[in-house]
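Everything on this sheet refers to the single structure shown next.
The values are calculated or read from the model by the stated rules, or taken from the named source; none is laboratory data. Since the model is a prediction, treat every value here as computed from it, not as a measurement. A quick note on method: Cβ atoms are made from the backbone with ideal geometry, for glycine too, and the neighbour counts reach across all protein chains shown. The area values use the complete protein model at the heavy-atom level, side chains included, leaving out ligands, DNA and RNA. Shrake-Rupley method; radii C 1.70, N 1.55, O 1.52, S 1.80 Å.
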Amino acid sequence: MRAACLTRSGVVEVRDFDEPRPGPGDAVVRMHYASICGSDVHTIYDGFHNPELLGRPGYPGHEGVGTVVESRTDQFPAGTPVLTTPPGEAGGCFGELQRVNEQHLLALPADGDMLRLLMAQQLGTTVYALKKFITPERLATMRSAAIIGAGSAGLFFVQQLRRMGVADIVVSDLNPQRLKHAARLGATRTVPGAEESLREVVSEAFSDDGVDVVIEAAG
């Protein structure tokens, strides 16, 4: 099979590898799509990698969707479309095939759009975070929020906070294009981080009280 792999810091190569075989509780998944997480960028370019995993097929990809082609788990028989969520240390999504333990698989709708479902892991992470930290009692008094980072996680937070009724949402990012998307999805103020200080914008807009919640979504 063909797979991309990190061979040394800052260098990703595509190589040929033997096809993986499943162990007990594992499935082999033929990957359809894989996304590049912000942590992958740090792993590849900023030295956050595990030296022992250099050259391993698919490393460090850990967000992907595919179809089970061989299985040794009753939960995910061959033919099951799945979301693959291996931890970063076990990431192998950047390959044609990936062996994944059943603990890191989630069955997807058979008729689902795989390209859209690729974002399910990131969406689920933000849903979980908001449920954990913003209780109904806290939400009842929330009027404002600041989000640092307008990547996929930050944009999911914008949309959910808007649906939850938060009136004023400030988003900061270094990328102007991302800020345009944030505004389109419900941010009421955007702050180009390379030009303005989020702290100063918040202080000026909300006086000494600040915002009700700050979300760090820049990784």
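Residues in the stretch 165-194 that are over 14 Å from VAL211 (Cβ atoms) and either aromatic (Phe, Trp, Tyr) or outside any helix (DSSP H, G or I) (or both): GLY165, ASP173, LEU174, ASN175, GLY186, THR190, PRO192, GLY193, ALA194. Among the residues of the stretch 26-67, those identified as open to solvent by 20 Å² or more (accessible area, probe 1.4 Å), of a type in the set (D, E, K, R) and under 15 Å from VAL11 (Cβ atoms) are ASP46, ARG56. Residues in the stretch 187-219 that are out of contact with any strand residue (DSSP E or B) (no Cβ under 7 Å at 6 or more places or on another chain), open to solvent by 60 Å² or more (accessible area, probe 1.4 Å) and closer than 26 Å to GLY38 by Cα: ALA194, GLU195, GLU196, ARG199, GLY219. GLU70 falls short on exactly one of the conditions (1) surrounded by 15 or more Cβ atoms within 10 Å (Cβ to Cβ); (2) free of Cβ contacts under 8 Å to residues at least 60 places away in the same chain; (3) closer than 17 Å to GLU13 by Cβ, and that condition is (3). Across the stretch 26-70, the qualifying residues are those that are part of a loop (DSSP other than H, G, I, E, B) and among the hydroxyl-bearing types (Ser, Thr, Tyr), and the one among them that is nearest to GLY154 (Cα to Cα) is SER35.
Here ARG116, ARG162 are screened, and the one residue that is in a helix (DSSP H, G or I) and without any contact (Cβ under 8 Å) to a residue 12 or more places away in the chain is ARG116. Of all residues in the stretch 136-186, those being of a type in the set (Asp, Glu) and surrounded by 19 or more Cβ atoms within 10 Å (Cβ to Cβ) number 1.
Give the number of residues within the stretch 123-135 that are in a helix (DSSP H, G or I) and open to solvent by less than 30 Å² (accessible area, probe 1.4 Å). So the answer is 3.
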